[in-house]
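Presented below is the structure to which this report refers.
The values are calculated or read from the model by the stated rules, or taken from the named source; none is laboratory data. None of the values given here were measured: they were computed from a predicted structure. Ideal geometry is used to build each Cβ from the backbone, glycine not excepted, and the neighbour counts take in all protein chains shown. Just so you know, the surface numbers come from the protein's heavy atoms only, side chains and all, with ligands and any DNA or RNA stripped out. Shrake-Rupley method; radii C 1.70, N 1.55, O 1.52, S 1.80 Å.
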Amino acid sequence: MELNNSQYQAIMRIYEQRQFTGRDKQNKRYQEVCEKLPTYPQIEESITVLSVQHGKKILNGDESSLDLYKKDLELLRKLKKETLVSGGFAANYLDAIYDCPDCKDTGYINNNKCHCFKNATIGLLYEQSNLKEILKQENFEHFSYEYYSKNYIEQRTGQSSREIIKEAVNTCKNFIHSFANTFQNLYIYGNIGVGKTFLLNCLAKELMDQEYSVLYFSAAEFFDILVKSAFDKKDLDTTNLRELIFNCDLLMIDDLGTEFVNQATTAQLFTCINERLLSKKSIVISSNLSPKDLSKLYNERILSRIANTYDVLRIIGDDIRLQKKWKD
């Protein structure tokens, strides 16, 4: 996942802050230990004196001093840990503190980006899109069935709006719980205002909390990025976002079918769906259109991919926005 320069610098500032915070916590712990255990800094001073003494001997050609130094140093280090434990502290209480022990808050392991770098990247993108604030309210904790009537019946199935939404929520929760082990996609459709976007945000929140990389785009934003990046390779911002779209753990496209459809958008949608299918990376799509209606906008190849590789969920009911407005 490539970032433009400003985004990369923003990520690296996050790591610098983590390192500073870790050192600050470690220094405070050290002061706490020294106040409670006055002998502890004396042991550390003994280690410094030992290093200087043996260092001089080694420089003067006393080769036997190196083995003696290692032995004495091991004893003093052992004494440090015993002193900590005797004072009620854990033996590793003064070890370096990291948010990510794997890369030690540098973002890199052997010149390769750490797994936490990807999460920091997605977090930055969400902050830039303000979606993190939305997720504080739009999540399963705030999901309510009261807006889905028991009396709103679908004639074809005989199910009520509430029964259908409960099944949809259960499917979404199963999608989350099996995400690590099962490749799956969702196509969620229904009339305007029945809670499709809210459900997408619930999915995003749960998977982001599990440290999966999740990207959300409205259909208009999604196609704007893909079409621009396809025709203007010099536009680094959209090119970088295109890479993220193809490589994130979960891609969410909201309101598919509301965009202006032409050959370019059709080609980009098929490419994205097909490539993520081949790499077994999940997509969740919401739309006002059923898959059959979507086929009137897009070609049969796209419909075939969705029909054969997506769980299709339909949500019915009254417009929740209007219900809330009338309630107020």
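With n ≥ 4 as the cut-off for DSSP H runs, can you work out [θ] at 222 nm for the chain, using -39500 (n - 2.57) per run divided by the number of residues, rounded to the nearest 500?
On the way: 13 runs with 193 residues, N = 328.
Counting only the DSSP helices, I get -19000 deg cm²/dmol.
Points 7 angstrom from Cα along the Cβ direction at Asn174 and Leu50: gap in nanometres?
Going by the 7 Å Cα→Cβ label model, 6.2 nm.
Can you tell me the 0 to 90 degree angle between the C-alpha axis of helix 196-209 and the longest principal axis of the chain, rounded to 10?
Compared with the principal axis, the helix lies near 20 degrees.
Amide H of Ile188: which non-local residues (sequence gap of 5 or more, or other chain) have their own amide H closer than 5 Å, using H built in the peptide plane?
HN-HN under 5 Å from Ile188: Ile285, Ser286, Ser287, Leu313.
In the chain, once you exclude exposed GluC sites (Glu not before Pro) (DSSP loop, at most 10 other Cβ within 10 angstrom), what's the longest stretch remaining? The partial results should precede the final answer.
Numbers: sites that count: Glu63, Glu146.
Within the chain, the longest run free of exposed GluC sites (Glu not before Pro) spans 147-328.
Please determine, in degrees from 0 to 90 and to the nearest 10, the orientation of helix 64-86 with respect to the longest principal axis defined by the Cα atoms of the chain, where the helix direction is its Cα long axis.
60 degrees
What whole-number value in Å² describes the accessible area per residue of region 240-306 for a 1.4 Å probe? The partial results should precede the final answer.
On the way: 2790 Å² over 67 residues.
The answer is 42 Å² per residue.
Quantify, in whole percent, the carbon and sulfur part of the accessible surface of the chain (1.4 Å probe; protein heavy atoms only). List each step's numbers first, then the result.
Numbers: 9140 of 18770 Å².
Answer for the chain: carbon and sulfur cover 49 percent of the accessible area.
Can you give the FRET efficiency for Lys150 and Gln31, using 1/(1 + (r/R0)^6), R0 = 51 Å, r = Cβ-Cβ distance, to the nearest 0.05?
Values: r = 62 Å, r/R0 = 1.22.
Plugging the Cβ-Cβ distance into 1/(1 + (r/R0)^6) gives 0.25.
Just to confirm the filter: which chymotrypsin sites (Phe, Trp or Tyr not before Pro) across region 177-222 are DSSP coil and have at most 14 other Cβ within 10 angstrom of their Cβ? Please report the intermediate quantities before stating the final value.
On the way: sites: Phe179, Phe183, Tyr187, Tyr189, Phe198, Tyr212, Tyr216, Phe217, Phe222; in loops: Phe179, Phe183, Tyr212.
Listed in order of number, the matching sites are Phe183.
Name the residues of region 192-216 whose amide N is less than 17 Å from a point 7 angstrom out from the Cα of Lys136 along the C-beta direction?
Hits in region 192-216 for Lys136 at 17 Å: 202, 205-206, 209.
Under the 0.36 nm per residue contour assumption, what length would be gained going from the current alpha-carbon distance of Thr266 and Lys70 to full extension?
Working: separation 196, 0.36 × 196 = 70.56 nm, distance 6.87 nm.
Residue separation times 0.36 nm, minus the Cα-Cα distance, leaves 63.7 nm.
If contacts are Cα pairs under 8 angstrom and at least 6 residues apart, what is the relative contact order of region 66-180 in percent?
Values: 44 pairs, mean separation 9.9, N = 115.
It comes to 9 percent, rounded to a whole number.
In whole percent, what relative contact order does the chain give with Cα contacts below 8 Å and a gap of six or more residues? Please report the intermediate quantities before stating the final value.
Numbers: 375 pairs, mean separation 65.4, N = 328.
After rounding, I find 20 percent.
Report the residue, chosen from Ile109, Ile43, Ile273, that carries the largest GNM mean-square fluctuation when the chain is represented by alpha-carbon nodes joined by springs under 10 Å.
Fluctuation is largest for Ile43.
Hey, in the GNM for the chain with a 10 angstrom Cα cutoff, which one of Thr83, Thr197, Thr309 fluctuates hardest?
Fluctuation is largest for Thr83.
With point charges of +1 on the Cβ of Lys and Arg and -1 on the Cβ of Asp and Glu, referenced to the Cα centre of the chain, which listed residue (Leu37, Phe117, Ile306) lies farthest in the positive direction of the dipole?
Ile306
Averaged per residue, what accessible surface does region 7-121 expose to a 1.4 Å probe, in Å²? Each step should come with its number before you reach the end.
On the way: 7750 Å² over 115 residues.
The answer is 67 Å² per residue.
With each pseudo-label sitting 7 Å past Cα toward Cβ, what's the Gln42-Ser304 distance in nm, one decimal?
Simple spin-label model gives 8.2 nm for this pair.
Which links in Lys78/Lys113; Lys80/Lys118; Lys104/Lys281; Lys150/Lys205; Lys136/Lys281; Lys25/Lys56 stretch past 31 Å when you go from one Cα to the other?
Values: Lys78/Lys113 35 Å; Lys80/Lys118 38 Å; Lys104/Lys281 29 Å; Lys150/Lys205 28 Å; Lys136/Lys281 26 Å; Lys25/Lys56 35 Å.
From the list (Lys78/Lys113; Lys80/Lys118; Lys104/Lys281; Lys150/Lys205; Lys136/Lys281; Lys25/Lys56), the Cα-Cα distance tops 31 Å for Lys78/Lys113; Lys80/Lys118; Lys25/Lys56.
Taking 7 Å along the Cα-to-C-beta vector as the label spot, tell me the Phe183-Ala91 distance in nanometres, rounded to one decimal.
Distance between label points: 4.5 nm.
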